[in-house]
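The values are calculated or read from the model by the stated rules, or taken from the named source; none is laboratory data. Keep in mind that this is a model prediction, so the values were computed, not measured. Backbone-built Cβ (ideal geometry, glycine too); neighbour counts: all protein chains shown. The accessibility values were calculated without ligands, DNA or RNA, using every heavy atom of the protein model including side chains. Shrake-Rupley method; radii C 1.70, N 1.55, O 1.52, S 1.80 Å.
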Amino acid sequence: MTSSPPGQWPEKIIGKTRLILELGDLTKSHAQAVVNAANPSLLGGAGVDGAIHREGGPAILKECRALVARIGRLQPGRAVITTGGRLPAENVIHTVGPIWRGGDKREADILTSAYRESLTLADDMALQSIAFPSISTGAYGYPLVPAAELALQTVKQYLEGETGLSSVTFVLFSREVFDVYQGVLGKL
Ligand code: ADP
């Protein structure tokens, strides 16, 4: 995997917030919160979810179990926050994106909500930085280009409103995904 020195990543300033794209591993992010593309059970899974629990250790799972005991399974489009355990990030925001079922099952609404709820939760907790993966574009099968357009458009709209966030970073795990997001950011 290639990487660039800090300051070399593509970014745009929206309102008072930097919107940054990086190629890399979300579990290495030093954002105050990293967002987990979780599933409703909050018990961990494959992809970025597995990596977060593996690197973050058992403290995250313990809080997830307690949350599910209190509120039940996490509905798609909703978000909750736990400790970051051993991750460099202090917090993990767990959200559930839509499973792609052809596009007419409210997938876009649910994905928009997953991003918006995560951003709102970060602001509610007075966090200044948050880092996202490309939600739903792995195991959940959302087509990459529309997912990237929706992700960046949703974050842009959010940042045009009231927010205390100083940075929102997308940490993208493969060159293919990074290139698509970079193309979309250029047209934002
Ligand atoms: P979903 O179930 O929401 O589709 P996945 O974890 O399967 O979630 O995939 C979402 C995106 O996260 C994919 O682009 C995948 O390549 C990426 N990904 C997997 N591991 C990591 C990681 N450690 N850091 C950042 N992104 C990751």
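In this structure, is residue 126 hydrophobic (A, V, I, L, M, F, W, C) and open to solvent by less than 40 Å² (accessible area, probe 1.4 Å)?
Values: hydrophobic (A, V, I, L, M, F, W, C): yes; open to solvent by less than 40 Å² (accessible area, probe 1.4 Å): no.
No: the conditions fail for residue 126.
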request  = Tell me which residues, restricted to the range 101-120, are under 27 Å from residue 88 (Cβ atoms) and open to solvent by 30 Å² or more (accessible area, probe 1.4 Å).
outcome  = 116, 117, 120
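Any idea which of 169, 163, 154 is free of Cβ contacts under 8 Å to residues at least 60 places away in the same chain and open to solvent by less than 60 Å² (accessible area, probe 1.4 Å)? Quick ask: steps written out before the conclusion?
Details: 169 fails: free of Cβ contacts under 8 Å to residues at least 60 places away in the same chain; 163 fails: free of Cβ contacts under 8 Å to residues at least 60 places away in the same chain.
One residue alone meets the criteria, 154.
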ask   = Restricting the first residue to the range 119-142 and requiring it to be on the phi > 0 side of the Ramachandran plot and small (Gly, Ala, Ser), which pairs with a second residue that is more than 16 Å from the ligand (Cβ to nearest atom) and open to solvent by 40 Å² or more (accessible area, probe 1.4 Å) meet a Cβ separation below 7 Å and a spacing of at least six or different chains?
value = 126/164
message = Can you tell me which of (1) within 8 Å of the ligand (Cβ to nearest atom); (2) surrounded by 19 or more Cβ atoms within 10 Å (Cβ to Cβ) is the one residue 46 doesn't meet?
response = (2)
Among (1) farther than 28 Å from residue 188 by Cβ; (2) crowded, with 17+ Cβ neighbours inside 10 Å; (3) within 14 Å of the ligand (Cβ to nearest atom); (4) not aromatic (Phe, Trp, Tyr), the one test that residue 41 misses = (2)
key: Residue list for the range 6-36, restricted to those being within 19 Å of residue 188 (Cβ to Cβ) and among the basic types (Lys, Arg)   = 12, 16, 18
message = Any residue that is β-branched (Val, Ile, Thr) and open to solvent by less than 70 Å² (accessible area, probe 1.4 Å) - is there at least one of those in the range 25-34?
response = yes
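Going residue by residue through the range 83-95, is there one that turns out to be in a helix (DSSP H, G or I) and either touching a residue at least 12 places away in the same chain (Cβ under 8 Å) or within 27 Å of residue 160 (Cβ to Cβ) (or both)?
No, because not a single residue in the range 83-95 is in a helix (DSSP H, G or I) and either touching a residue at least 12 places away in the same chain (Cβ under 8 Å) or within 27 Å of residue 160 (Cβ to Cβ) (or both).
Any idea which of 100, 9 is in a loop (DSSP other than H, G, I, E, B) and within 12 Å of the ligand (Cβ to nearest atom)? Break it down stepwise before answering.
On the way: 9 fails: within 12 Å of the ligand (Cβ to nearest atom).
So the residue among 100, 9 that is in a loop (DSSP other than H, G, I, E, B) and within 12 Å of the ligand (Cβ to nearest atom) is 100.
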key: Answer residue from the range 115-154, given it is away from the ligand (no atom under 16 Å from the Cβ) and aliphatic (A, V, I, L, M) and is nearest to the chain's Cα centre (by Cα) among those   = 119
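Select, from 108, 69, 59, 51, the only residue that is farther than 23 Å from residue 24 by Cα, within 16 Å of the ligand (Cβ to nearest atom) and in a helix (DSSP H, G or I).
On the way: 69 fails: within 16 Å of the ligand (Cβ to nearest atom); 59 fails: within 16 Å of the ligand (Cβ to nearest atom); 51 fails: farther than 23 Å from residue 24 by Cα.
Of the residues listed, the single one that is farther than 23 Å from residue 24 by Cα, within 16 Å of the ligand (Cβ to nearest atom) and in a helix (DSSP H, G or I) is 108.
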